[in-house]
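Nothing in this text is a laboratory measurement; each read-out follows from the coordinates by a stated rule. Only a predicted model underlies this, so the values are computations on that prediction, with no experimental measurement involved. No Cβ is skipped: glycine too gets one built from the backbone with ideal geometry, and neighbour counts run over all protein chains shown.
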Number of protein chains: 2
Amino acid sequence: MRADGRRNREQILAAARHLVGCDGAQASLEAIARRACVGSATLHRHFPSRRALLDAVFHDGVVRLCERAEALDGDPGADLEAWLEELAAYSATTKGVTDALLAGPDGHIDERDTCHGLIGDAAARLVDRAKDAGVLRDGVATDDVLALACSLSTVTADPDAARRLVRLAFGGVRAPHRE
Amino acid sequence: MRADGRRNREQILAAARHLVGCDGAQASLEAIARRACVGSATLHRHFPSRRALLDAVFHDGVVRLCERAEALDGDPGADLEAWLEELAAYSATTKGVTDALLAGPDGHIDERDTCHGLIGDAAARLVDRAKDAGVLRDGVATDDVLALACSLSTVTADPDAARRLVRLAFGGVRAPHRE
DNA sequence: CCGTGAAGTGGGGTGGTCCTCCGCTTGGTG
DNA sequence: CACCAAGCGGAGGACCACCCCACTTCACGG
């Protein structure tokens with residue numbers, strides 16, 4: 001890859017980080033290109049779809065989150081819950097990331113290295129551990145807990161509220177009654 | 001209100017119902033106006049914001065849902081859960097309705113009669129009943145259960161999946177353990 | 001050190017969007 | 001029937017995504 005190409009890619013990513021941070025996932029690609037001092041064609045060549053750009057923007061943050069998932073090795077139930085809280089808080093505070101996390105397949109990019117794929121793998125490990133420990137209700141799948149944690153962030157931008165809702169869903173809305 | 005005005009309003013709503021059903025809340029207003037055989041200015045005069053149009057499109061369905069909420073008078077916990085399931089199923093299958101349900105205030109319209117407001121009132125009654133019966137976990141608010149039920153539909157378009165996730169959140173992801 | 005070709009560039013065009021202005025039509029009332 | 005305001009819609013401005021293509025610049029082989 002040529003030096004100027006790499007430089008432009010970085011400038012575009014920096015601009016995108018800023019504008020997506022302000023305007024969310026719907027930030028204008030044109031504006032991002034302008035801010036990066038780059039023609040819009042250049043942006044589209046480096047990132048053939050909005051999805052590809054978003055994935056690149058959030059890649060590092062998501063990787064960090066996944067590393068924290070791998071580092072956990074305490075109580076399986078508590079680990080899963082804590083990590084889901086973190087995930088919800090992250091996606092609540094990070095404008096636009098939800099679209100990258102929940103996005104379906106996109107012909108333009110390799111699904112293996114997307115934010116969606118990375119998060120899915122990290123969650124699967126924690127869910128499997130919790131399942132083996134028997135702390136999960138029957139029939140709960142990785143996609144279920146991810147869906148719960150991520151979808152909440154479409155509803156609030158407050159990390160504490162997101163954490164609270166995750167705890168709620170995890171423990172149940174219904175009050176536990178003695179049996 | 002003049003007859004032609006009312007006729008146009010209905011044509012716009014019919015077109016909007018169709019296109020929002022196909023393309024979701026982001027359907028092109030221009031395309032809706034075209035389909036209604038109406039100038040775009042006419043659409044904007046009748047519905048000053050996308051939000052106002054969406055509210056009108058979904059108003060009837062939401063009212064029907066609210067009526068069902070009012071008709072419930074069995075076990076408070078079961079009623080609430082059943083109605084939340086219905087709400088989730090409705091918003092999962094009805095493209096675009098989530099945006100109307102979760103939308104914040106909009107200077108253009110009276111908040112009292114919006115889908116958001118209607119659903120909120122209906123849910124509040126069920127939540128209050130459940131709270132009085134003591135079947136809700138402490139600190140659960142109306143907005144919490146609404147947020148849970150509605151946000152799920154951003155994540156799946158399958159009504160059964162949405163119902164399942166509501167049941168999950170309601171009963172808890174964590175398996176109930178004897179105490 | 002330099003020529004060359006391919007990788008990379010960005011301006012401008014196309015076709016779409018939202019929304020507003022404003023001259024015109026038309027429905028309903030006196 | 002005549003009037004006039006309520007209502008209309010086309011045109012136009014500002015913006016957007018995406019693509020084409022003539023041009024520039026980098027990096028490598030001689």
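In this structure the amide hydrogen of residue A:136, modeled in the peptide plane, comes within under 5 Å of the amide hydrogens of B:175, none closer than 5 places in sequence on its chain. Using every pair of distinct Cα positions in the stretch A:1-47, the Kirkwood expression returns a hydrodynamic radius of 10.4 angstrom. Across the copies of the chain, residue A:143 has label points (7 Å from Cα along Cα→Cβ) spaced 3.2 nm apart, shortest distance listed first.
Summary value for chain A: 25 percent relative contact order, contacts being C-alpha pairs under 8 angstrom separated by 6+ residues. Positive end of the dipole of chain B (Cβ unit charges, origin at the Cα centre): among B:69, B:176, B:117, the Cα lying farthest that way belongs to B:117.
Panel values: the stretch B:69-110, Kirkwood radius from alpha carbon pairs, Stokes-Einstein at 25 °C and 0.890 mPa s, translational diffusion coefficient 202 µm²/s.
Karplus-based coupling profile of the stretch B:61-67, in residue order and whole Hz: x, 5, 4, 4, 4, 5, 4, with θ = phi - 60° in 6.51 cos²θ - 1.76 cosθ + 1.60 and x standing for Gly or Pro.
Karplus-derived 3J(HN,Hα) values for the stretch A:19-24, using 6.51 cos²θ - 1.76 cosθ + 1.60 with θ = phi - 60°, are 6, 5, x, 7, 9, x Hz; glycine and proline are entered as x. Restricting to DSSP H runs of at least four residues, report the calculated mean residue ellipticity at 222 nm for the protein assembly as shown, -39500 (n - 2.57) per run over all residues, nearest 500 deg cm²/dmol. Here the helix-only value at 222 nm equals -22000 deg cm²/dmol.
In terms of packing, defined here as the mean over residues of other Cβ atoms within 10 angstrom, the peptides A:163-176, B:63-76 line up highest first as A:163-176, B:63-76. Once C-alpha pairs closer than 8 Å and six or more residues apart are averaged by separation and normalised to the residue number of the stretch B:1-47, the relative contact order reads 38 percent.
Mind checking the alpha-carbon convex hull of the protein assembly as shown and giving the volume per residue in Å³? It would help to have the intermediate numbers written out before the result.
Values: hull volume 55.1 nm³, N = 358.
That works out to 154 Å³ per residue.
Position residue B:39: other-copy label points at 3.9 nm, ordered by increasing distance, label point 7 Å along Cα→C-beta. Across the stretch A:110-179, Cα-Cα pairs more than 16 Å apart make up 58 percent of the total.
Per the rotation superposing chains A and B, the chain A residue found at the smallest beta carbon distance from the axis is A:172, 1, distance in Å.
Label-point spacing at residue B:132 relative to the other copies reads 5.0 nm, in ascending order, each point sitting 7 Å out from Cα along Cα→Cβ.
Cα centroid separation, the stretch A:71-95 to the stretch B:79-131: 28 Å. Out of every Cα pair in the stretch A:1-155, what percent are spaced more than 26 Å from each other? More than 26 Å apart: 32 percent of the Cα pairs in the stretch A:1-155.
For the pair residue B:49 and residue B:141, label points projected 7 Å from Cα toward Cβ lie 2.1 nm apart. Rounded to the nearest 20, the size of the Cβ-charge dipole of chain A about its Cα centre is 740 debye, with Lys and Arg at +1 and Asp and Glu at -1. Of all aspartates and glutamates in the structure, the ones whose alpha carbon falls short of 12 Å from that of residue B:95, not counting any fewer than 8 places away in one chain, are B:23, B:158. Between the helical axis of B:142-152 and the longest alpha-carbon principal axis of chain B there is an angle of about 70 degrees. Residue by residue, the stretch B:131-136 carries 3J(HN,Hα) couplings of 5, 4, 7, x, 9, 9 Hz when phi is fed to the Karplus relation 6.51 cos²θ - 1.76 cosθ + 1.60 (θ = phi - 60°); x denotes Gly or Pro.
Residue B:172 sits among other residues whose Cβ lies under 13 Å from its own Cβ, and their net charge, with Lys and Arg +1 and Asp and Glu -1, is +2.
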